[in-house]
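Below is one structure, written out as structure tokens, with a few remarks after it.
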Amino acid sequence: MGIQDIIEGKKQWRAHVARVKALPSDYQVVYKEIQKYLFKVGPIDLTDGPLLPGIVDFFEEGVAAGKGVLELLGDDVAAFCDGLIGDSRTYADLYQESISGRSGTAEK
């Protein structure tokens with residue numbers, strides 16, 4: 001990764017953050033909770049993939065339609081997140097693989 005890639009990545013992230021800040025406050029709160037959850041257990045390619053910008057797109061459409069954020073997601077935000085990442089390889093998967101690998105090695 002070159003310096004130009006880093007600079008471009010920062011520009012894209014700042015633009016993304018500006019879009020989030022333009023959302024109504026209840027959407028911002030829920031977005032930050034989703035982001036926190038996904039950074040903890042989410043897909044390995046979270047920062048490089050379309051998931052976070054897609055959530056902002058979805059939220060912007062909800063705002064334009066006059067819907068509240070929980071009307072879009074339901075009451076269980078974690079379940080919504082799990083549905084988004086259902087088939088993705090996650091950090092939790094990596095952790096489980098590392099534990100399985102260590103326990104298998106210790107038995108030999």
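Applying a threshold of 9 Å to beta carbon distances and a minimum spacing of six or more residues, or different chains, the list of pairs starting in the range 1-20 at a residue that is at positive phi and ending at one that is modelled with pLDDT of 90 or more is empty. Right, Leu94: touching a helix residue (DSSP H, G or I) at 6+ places or on another chain (Cβ under 9 Å) and modelled with pLDDT under 95 or not? So Leu94 fails the test.
Give the range 59-79 a look and list any residue that's without any contact (Cβ under 8 Å) to a residue 24 or more places away in the chain, under 19 Å from Lys21 (Cα atoms) and of a type outside the set (Lys, Arg), or say none.
Listed by number, the residues that qualify are Glu61, Ala64, Ala65, Gly66, Leu72.
Go through the residues of the range 48-58 one by one and say whether even a single one is more than 18 Å from Trp13 (Cα to Cα), free of Cβ contacts under 8 Å to residues at least 12 places away in the same chain and surrounded by fewer than 13 Cβ atoms within 10 Å (Cβ to Cβ).
Residues of the range 48-58 more than 18 Å from Trp13 (Cα to Cα): none.
No, the range 48-58 has no match at all.
From Gly86, Gly66, Gly62, which residue is of a type in the set (Gly, Ala, Ser) and at positive phi?
The conditions single out Gly66.
Looking only at residues of the range 42-72 that are within 9 Å of the chain's Cα centre (by Cα) and hydrophobic (A, V, I, L, M, F, W, C), we find that the one that is farthest from Leu94 (Cα to Cα) is Ile55.
Among the residues of the range 61-74, at least one is of a type in the set (Gly, Ala, Ser) and open to solvent by 70 Å² or more (accessible area, probe 1.4 Å).
Residues that are out of contact with any Lys or Arg (no Cβ under 6 Å at 6 or more places or on another chain) and β-branched (Val, Ile, Thr) within the range 16-74 comprise Val17, Val20, Val29, Val30, Ile34, Val41, Thr47, Ile55, Val63, Val69, listed in sequence order.
The values are calculated or read from the model by the stated rules, or taken from the named source; none is laboratory data. Fair warning: this is a prediction, and the values are worked out from it, not measured in the lab. In this analysis, Cβ positions are derived from the backbone assuming ideal geometry, glycine residues included, and neighbour counts consider all displayed protein chains. Surface accessibility is based on the protein's heavy atoms, side chains included, excluding ligands, DNA and RNA. Shrake-Rupley method; radii C 1.70, N 1.55, O 1.52, S 1.80 Å.
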